[in-house]
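Encoded as structure tokens, the structure appears first; notes follow it.
The values are calculated or read from the model by the stated rules, or taken from the named source; none is laboratory data. Predicted model, so just to flag it, every value in this text is computed and none were measured. Positions of Cβ are backbone-derived with ideal geometry, glycine not excepted, and every protein chain shown enters the neighbour counts. For the accessible areas, the whole protein counts, side chains as well, though only heavy atoms, and no ligand, DNA or RNA atoms are used. Shrake-Rupley method; radii C 1.70, N 1.55, O 1.52, S 1.80 Å.
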Amino acid sequence: MNPAAQTRSHKAQKVIERLHKKLNRQMALSLAGCVHCGLCTNSCHYVLANPGDPTYAPAYKADQIRKIFKRHIDWTGRVFPWWVKAKSIFTDEELEELKDIAFGKCTNCRRCTINCPMGVDFATVNRMTRGLLVSVGIMPEGVAVVSKDQWEIGNQMGVLKEEYLDTLQWMDEELQEELGLSHSLIPIDKKGARIMYTINPREVKYDPRTIADAAKIFTLAGEDWTMPSEGWDMTNFGLFSGDDDLGGTVAKRVYDKAEELGVQKVVISECGHGYRSTRCEGPNWAGKDIGFEMESSVLTMLRYIREGKIRVDKSRNNVPVTFHDSCNNARSCGLYEEPRELLQLVCTEFREMYPNRAENYCCTGGGGAMSMSEYTPRRLKSAKIKADQLRATGAKIVVTSCHNCVDGLTDLIRHYNLGIEVKQLVNLVASALVVPEKIEVVAPRPVHSLKGFRILIVDDEPDTRTYLSTILEDAEATTLQAADGLKGIEQARKEKPDLITLDLSMPGLDGGDVFVRLREDPETAAIPICIVTGRPELRRLIYDKPHRPPEGYLDKPVSEETFLKNVRKILELGRKEPKSA
């Protein structure tokens, strides 16, 4: 039949239309750049475990979407379709065949990418293919279920908020008993904390001890930290499904909570795709600038030991240990040496697995494969490559910094009867901890309330003074008011407030002069100042002065949330205690 005469299904038509929208330079180059040299073939664990089946070869798999690209987008396919093997797609059955390849024969591990001399990134192309299929409802059932849970419940395992908080309380009580302490060690929604710790839902549902281990490490390090009541799931199934809308929504939940709490850093527990999607991909998906740091807990734990904040005794982990590089942590994010340095510090015998680092083989559980039960036999067959790697080390424990890898490795170890235990770095660090006789913990403090703090509002507009004082008094602060600059200076000298909010445009003595006098007066020089102004062009009145800049700056109109967030941040950074407490 003449292809032009074929009827195209609605879903096939939508896939072709969306392909034009999803292409970017990286994907276009990868689709056009393959020269079919075959160097990628033996890099794939599916190929190695299924010799003689060419449909597992990365180049073949990529060709299934490449032929559509060439037919509808690349000029060569429009002019010489028979030469470049360009071909369109017409039926839902063809889309199902594409699903089998995109989801069932690839874990997006990117090992073929690093072995491609042309720089073809098949994993990126495959993720795009998955996204095209998902957009028309063609995906494995498990992918649909997990995505639905993350959209509707807020985490990929459908953990309810009550279940999450109960688990934290349970781990908190156990840790208190273990360390002989009598107050909460897992703070929740602590505003102004230095660190917000985010986790994989698997930790709540199947492995809560990793939460307790992390809390123990934070506690002994004297860290000022918190866990959020919402926005705690740093995993992101949008990375696996190719759904950028889901990816952006999930990542934004974490970012918004971090901003709400006013933390300086988000620490991401050991999860390869969670680290990659939250720290590396999420800001692009969410279209959001991030004003705080993000790091893997591996780096956090390593820094604690280096800086002497925690002490460890490696003899407590006295069995042969090997390390599995998570594809997303290693190949995609470059975390190669830090996990190994940490292992050398907390265990007595580390045995390297070969190949390793960028060349390590996938655990076979990546790319969301653990949720796709229809492909389990295929996945476990391909896992023989990883099983052979593990067996050759003779190790009793395999350590990995990824929860997907924990499940993937546990599955294949059981299937191939390897008798190896799977652990994460947080488990080994916690078991190696030397607990001091006296534990100094960051004392709990009221973080929602400003009770005891006195704040002076200097502004000539009565409505502004009333608005700001109402916000502060609702947060239990005591407010003082001054309607002009001279009265503001007088009040500051007399009352010595904890903070001054200062307008720049006032009759008589303007805010710039008030700022200079406050900074030059020894009695008021140390008082933090937050500029709140409707005239941003007057910033020069303060920032051009040879004085310490203000501790905060806000343009009017200012929202209640933004105002309180900045006030709390200034008081926290200044490590101020309320004068009237």
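Taking each of Lys11/Lys85; Lys14/Lys99; Lys314/Lys384; Lys22/Lys257; Lys21/Lys161 in turn, the alpha-carbon distance tops 26 angstrom for Lys314/Lys384; Lys22/Lys257; Lys21/Lys161. If R0 is 60 Å, the Cβ-Cβ spacing of Thr91 and Val516 corresponds to a FRET efficiency of close to 0.20. Using heavy atoms of the protein chains and a probe of 1.4 Å, the accessible area assigned to Arg253 is about 70 Å². Applying Stokes-Einstein at 25 °C and 0.890 mPa s to the Kirkwood radius of region 339-436, computed over alpha-carbon pairs, gives a translational diffusion coefficient of 172 µm² s⁻¹.
With a Förster radius of 30 Å applied to the beta-carbon distance between Asp100 and His415, the computed FRET efficiency rounds to 0.85. Shown here: region 1-142, whose C-alpha atoms stretch 40, 38, 29 Å along the first, second and third principal axes, sorted largest to smallest. For Lys494, a cut-off of 29 angstrom between C-alpha atoms picks up these lysines, skipping any fewer than 8 places away in its own chain: Lys451, Lys545, Lys556, Lys565, Lys569, Lys576, Lys579.
Pairwise Cα distances in region 107-264 exceed 26 Å in 39 percent of cases. Stretched out straight at 0.36 nm per residue, the stretch from Lys14 to Asp53 would grow longer than its current Cα-Cα span by 11.0 nm.
The simple spin-label model puts a point 7 Å past each Cα toward its Cβ; for Glu337 and Asn24 those points are separated by 2.9 nm. When the convex hull of its Cα atoms is viewed from all sides, region 277-403 shows a mean projected area of 9.7 nm².
Can you list the residues of region 84-125 with backbone N under 16 Å from a point 7 Å past the Cα of Leu39, pointing along Cα to Cβ? Output list for this probe position: 111-122. The amide H of Leu335, built 1.01 Å from its N in the peptide plane, has Ala330 as neighbours under 5 Å, considering only residues 5 or more places off or on other chains. Here's the list of lysines a cross-link from Lys438 could span, going by alpha-carbon distance under 18 Å and ignoring same-chain residues fewer than 8 apart: Lys216, Lys309.
Legend: P(r) of region 62-109 from all alpha carbon pair distances, 10 Å bins from 0, whole percents, reading 28, 44, 26, 2. Once the Cα-Cα distance is subtracted from the 0.36 nm per residue extended length, the Asp313 to Leu165 segment shows a gain of 50.1 nm. Within the shell defined by Cβ-Cβ distances under 15 Å, the residues around Gln424 carry a net charge of -3, with Lys and Arg each +1 and Asp and Glu each -1.
Round to a whole angstrom and tell me the spacing of the C-alpha centers of region 496-572 and region 461-481. Using only Cα atoms to place each centre, the spacing works out to 16 Å. Think of it as helices only: each DSSP H run of n ≥ 4 in the chain is worth -39500 (n - 2.57), and spread over all residues that comes to -13500 deg cm²/dmol at 222 nm. Across the chain, Cα pairs under 8 Å and at least six residues apart give a relative contact order of 11 percent. Spin-label pair Ala32-Val434: with each label point 7 Å from Cα along the Cα-Cβ axis, the two points sit 6.1 nm from one another. Using the Cβ-Cβ distance between Ala392 and Arg209 with R0 = 35 Å, the FRET efficiency computed as 1/(1 + (r/R0)^6) comes to roughly 0.75.
The Rg/Rh ratio of the chain, with both radii computed over alpha carbons and Rh defined as the Kirkwood radius, is 1.06.
Annotation: region 201-322 has a Kirkwood hydrodynamic radius of 15.7 angstrom, from the mean reciprocal C-alpha pair distance.
Among beta bridges identified by DSSP and lying wholly in the chain, the antiparallel ones come to about 5 percent. Relative to the 2.2 N^0.38 Å rule of thumb, region 190-248 has a C-alpha radius of gyration ratio of 1.33.
Taken over the Cα atoms of region 445-541, the convex hull encloses 98 Å³ per residue. Summary of the geometry: region 19-39 and region 370-443, compared by the centres of their Cα atoms, lie 35 Å apart. Measuring from a point 7 Å past the Cα of Glu295 along Cα-to-C-beta, which residues in region 214-228 have an amide N at less than 17 Å? It comes to 214-215, 217-226, nothing else. Label-to-label distance for Glu473 and Glu374 is 6.4 nm, based on points extended 7 Å past Cα in the beta-carbon direction.
Between Ser559 and Glu177, the contour length at 0.36 nm per residue exceeds the alpha carbon distance by 133.2 nm.
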